[in-house]
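Note sheet for the following structure.
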Amino acid sequence: MERFNDLDIEKIYCGLIGKIIGVRYGSLVEMWDSEQIREKFSNVDGYFQEYHDYAADDDLNGPIFFYRALKDCKDYSKYGYKDLALCWLNYVPYLHGFYWWGGYGVSEEHTAYLNILNGIMPPLSGSILQNGKVMAEQIGGQIFIDIWGLIGMHDEKLASKLALLASSVSHDGEAVYGGMYVASMIAAAFDAKSVEEIINRALNSIPNTCTYYKMVKDLIAFKNSNKTQEECFEYIKKNYWKDKYGGNCHIIPNAAIMAYSMLYGEGDFLRTLRIALYSGFDTDCNLGNLGSVMGVFTMLKNVDYKTWILPINDIVCASSVLGYSNIINVPSLAFDIFKTTLRVTNSSYNGKYSKCLNHNLDDVYLSFSLPFSSSGIRSENAKLKNENESLIISFNKEAEVYYKTYYGVSDFSDNRYDPATSPKVYNGQTIYVDYNKNEDADVYIFYEDIKSKTKYISNKNVKEFKIDCNKDSLIYKVGLIIKSKADSSIKLNSLYVNGKVDYEINFNKEIMENYSLYHNEVRQCTYYKGIWQIENNKLVGRCLNNGQLYTSKPIKDFIFKTNIEFLSKNNAGILFKVLGVCRQYQLIFNENEVCLYKLFDEKTLLFKNKIVLNKANDVEIKVIAKDIFIKINNDEFNYHDENMIDEGCIGTYVNAGSVVGFDKFIIKEI
């Protein structure tokens with residue numbers, strides 16, 4: 001059954017861009033008071049800071065990764081708290097990045113995460129009983145909730161149901177009602193005729209006896225009694241301000257700012273966000289939620305593209321454990337959310353974006369079919385304009401346009417939530433480009449290695465180019481070089497990278513990405529837990545318990561080779577087909593044993609064998625279809641898994657105070 005149309009996909013996209021605008025606009029003055037913001041930024045039109053590339057933020061990490069709980073659930077009819085708990089454990093790094101790790105009993109996400117890790121499962125993990133009323137009713141119940149409103153478009157009942165489950169992982173009481181309310185506002189915004197309708201439909205999703213409901217109704221009544229915007233803000237400070245509620249950042253004062261901003265925002269996207277911004281308190285969270293609601297509702301009409309949308313460039317860099325998944329193309333995210341809606345509602349779609357739905361979220365597939373989308377394409381010497389579902393590239397004589405396929409420390413302006421990535425593109429793959437050009441223009445495809453600064457350029461006017469370079473190259477750009485004798489333009493329709501990887505990571509050529517005293521990453525890698533460094537030309541890992549590091553794109557059939565050196569003790573190993581912390585295969589060495597485990601939410605021992613280990617050991621893992629072939633020095637083992645994990649990344653493991661070293665990774669898809 002077809003319930004949805006092209007406009008719904010466009011509204012999802014506008015909701016996402018609206019969310020990012022709000023978070024980016026508000027993040028610099030988070031937790032400032034109104035007077036401070038007005039004093040410093042009263043005459044600023046636009047973002048308060050120019051970012052090189054905007055780093056990860058908790059308000060974006062949550063929505064981007066939490067809906068994977070729904071995607072990863074094979075049977076939606078059984079979807080529930082367990083899926084969400086596993087999602088937290090699977091994608092969130094241990095006490096770094098992703099959230100504000102303010103301490104157990106201080107940060108609600110930190111508290112709930114440790115509760116789940118220690119077997120206190122939701123909804124108890126976020127409950128008033130477990131954590132106390134003040135902790136359970138902080139703002140986090142609604143700041144990550146936007147995704148459920150987008151998935152539940154037009155259907156506040158579905159949106160609030162999904163939000164109830166998600167918010168209850170870490171919150172309770174008023175915070176959960178806030179999550180249900182915000183998700184319902186976003187769902188209602190898809191077809192509501194006014195802001196007042198959005199608010200009233202959302203109120204129907206929460207109990208009329210709760211403080212949240214009563215506060216919103218009170219502000220509606222206050223506004224309808226012909227009170228001015230200034231009078232309403234003073235009324236909020238008198239009746240609903242932070243001095244009336246406990247904790248670091250309670251939901252009610254921030255919810256009051258949101259309701260007030262929508263009531264006086266006159267249905268205008270930027271006016272609504274500005275009212276909330278200059279009210280202070282948790283500005284990035286409040287503006288992020290408002291940006292989602294108003295982005296869907298207004299479709300960003302009358303929002304200046306150059307000032308607000310262009311700086312985002314359709315890219316979000318996140319901080320999950322999986323570096324390959326941390327470079328997010330916003331149009332791809334919009335299409336993936338829509339696919340999730342189709343699955344949840346058992347609906348079909350046959351519209352103009354059908355081709356875009358054939359690609360996965362993590363694919364390097366750049367489409368320009370959505371209004372004003374750029375899909376991360378950038379240029380220093382060409383003008384880019386979205387027009388008729390293509391990107392028009394205008395230039396004088398010569399220009400370079402490109403997509404960044406790796407981000408490191410030098411790319412970001414800050415390090416608030418530990419962004420970290422693995423490359424999106426590798427040797428052995430092929431770049432496919434669809435374009436239309438004028439007769440006077442010549443087009444060359446290129447890719448660039450960040451290590452050697454070598455740029456590899458195709459023959460002119462081809463539409464595909466295989467990546468064939470040094471196997472230990474790190475590809476950080478793919479794009480086009482365009483030449484003509486005068487002013488010219490081309491129309492770029494799509495750019496897609498696909499194919500089997502064949503590459504190496506030589507750790508004697510790798511470096512540390514040193515973001516701060518507390519945040520250091522091995523280039524190309526991300527980690528869950530442990531200390532991972534480059535020492536004596538090797539990747540060296542240390543951890544007391546369950547240290548894991550990951551790299552590569554998800555691969556299916558492959559050959560992987562490395563040398564593992566036990567520097568102290570020998571409880572360590574290799575991970576493959578990694579889909580996160582809780583979904584992977586583990587080849588573990590311990591004393592004179594080798595064990596193969598499968599983790600797919602639960603841990604299963606597949607085989608155990610005695611083995612004689614050296615200090616340094618050559619290891620080869622080959623996976624073909626449902627068969628795993630393992631060679632350790634001269635010993636060979638194999639295992640047939642009828643329920644093989646389809647694909648995943650490569651990783652390493654260290655445990656029980658061991659210290660382990662790796663010289664290189666050789667990875668080849670077959």
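The values are calculated or read from the model by the stated rules, or taken from the named source; none is laboratory data. All values derive from a computational prediction rather than experimental measurement. Note that we place each Cβ from the backbone using ideal geometry, even for glycine, and neighbour counts take in every protein chain shown. These accessible areas exclude ligands, DNA and RNA; they are computed on the full protein's heavy atoms, side chains included. Shrake-Rupley method; radii C 1.70, N 1.55, O 1.52, S 1.80 Å.
Structure data summary
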quantity: For residue 660, residues with placed amide H under 5 Å, excluding near neighbours; calculated: 541, 567
quantity: Order by protection proxy (mean Cβ within 10 Å, highest first), peptides 209-215, 585-591; calculated: 585-591, 209-215
quantity: Burial order of peptide ranges 380-387, 323-330 (average beta-carbon count within 10 Å, highest first); calculated: 323-330, 380-387
quantity: Mean residue ellipticity (222 nm) of the chain, computed from DSSP H runs ≥ 4 via -39,500 (n - 2.57), nearest 500; calculated: -9000 deg cm²/dmol
quantity: Rounded, prolate or oblate (a/c below 1.5 giving rounded, otherwise prolate when a/b exceeds b/c) for the stretch 121-266 by Cα gyration tensor; calculated: oblate
quantity: The stretch 297-422: C-alpha gyration tensor shape, a/c 1.5 cut-off, then a/b vs b/c; calculated: oblate
quantity: Burial ranking of peptide ranges 11-21, 253-263 (average Cβ count within 10 Å, highest at the top); calculated: 11-21, 253-263
quantity: Span-like helix ranges in the chain, DSSP H, alpha carbon extent 18 angstrom or more, Kyte mean at least -1.0; calculated: 6-27, 174-189, 211-224, 251-264, 283-298, 330-345
quantity: Alpha-carbon gyration tensor eigenvalues x 5, square-rooted, for the stretch 411-569, Å; calculated: 37, 18, 13
quantity: The chain, relative contact order [Cα under 8 Å, separation at least 6], %; calculated: 13
quantity: Total charge dipole magnitude, the stretch 1-138, about the Cα centre, Cβ charges on Lys, Arg, Asp, Glu only, Debye to nearest 20; calculated: 560
quantity: Heavy-atom accessible area ranking, 1.4 Å probe, most first, across 445, 457, 220; calculated: 457, 220, 445
quantity: Probe 1.4 Å, all protein chains present, accessible-area order of 274, 523, largest first; calculated: 274, 523
quantity: Accessible area of the chain belonging to carbon and sulfur atoms, whole % at 1.4 Å probe; calculated: 46
quantity: In order through the stretch 360-372: 3J(HN,Hα) via Karplus (6.51 cos²θ - 1.76 cosθ + 1.60), integer Hz, x for Gly, Pro; calculated: 8, 3, 8, 5, 8, 10, 9, 10, 10, 6, 7, x, 6
quantity: Solvent-accessible area of residue 271 with every protein chain in place, 1.4 Å probe, in Å² to the nearest 10; calculated: 80
quantity: Euclidean distance of C-alpha centroids, the stretch 457-519 and the stretch 413-451, integer Å; calculated: 4
quantity: With all protein chains modelled, accessible area of residue 32 [1.4 Å, Å²]; calculated: 70
quantity: Pairwise centroid distance, computed over Cα atoms, of the stretch 70-127 with the stretch 198-258, Å; calculated: 29
quantity: Cα gyration tensor category, rounded, prolate or oblate, for the chain with a/c compared to 1.5; calculated: oblate
